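Below is one structure, written out as structure tokens; the observations come after it.
Quick note: the coordinates plus some simple rules give every number you see, no bench work behind them. Everything numeric in this text was worked out from a predicted model, so none of it was measured. Glycine also receives a Cβ, built like all others from the backbone with ideal geometry; neighbour counts cover every protein chain displayed.
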Amino acid sequence: MGYLADILLAAGALGAGFYCYVLSRRLRGFTDLEKGVGGAVALLSAQVDDLTRALRGAQEQATASEARLARTTAEAEAAARRIELLVAAMHDLPQDSADPTPRPAEPRFVRHVSAAGADQ
């Protein structure tokens, strides 16, 4: 009986050794940087770095666009103020003789209608 127990014990040890060998190969493949989870983690880390760089670039472009837009808006407001001033100043200019709009006639007072018709 002791001999049979030794054989079963040796078979169990060999089975456990084979299981450990298979498990170590699977774990080695699992942590491989090219194919396993390690590769997936490395790939995701590279993608995060790329996205971080892209986000930083987009933020810089947005800041530059905001500054350019603020500058353009200020220039447009200054131009609008100048145009309003010019339009207001045009109302003070005398009318040209080439202006097609007729000027109002000089006011003329007539004391009697019959006298006005007799003078003409």
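Hey, could you get me the Stokes-Einstein D for segment 28-75, Kirkwood radius over alpha-carbon pairs, 10 °C and 1.306 mPa s, rounded to whole µm² s⁻¹?
Answer from the Stokes-Einstein relation: 119 µm²/s.
In nm, to one decimal, how far is the modelled label at GLN61 from the one at ALA11, with both set 7 Å along Cα→Cβ?
7.0
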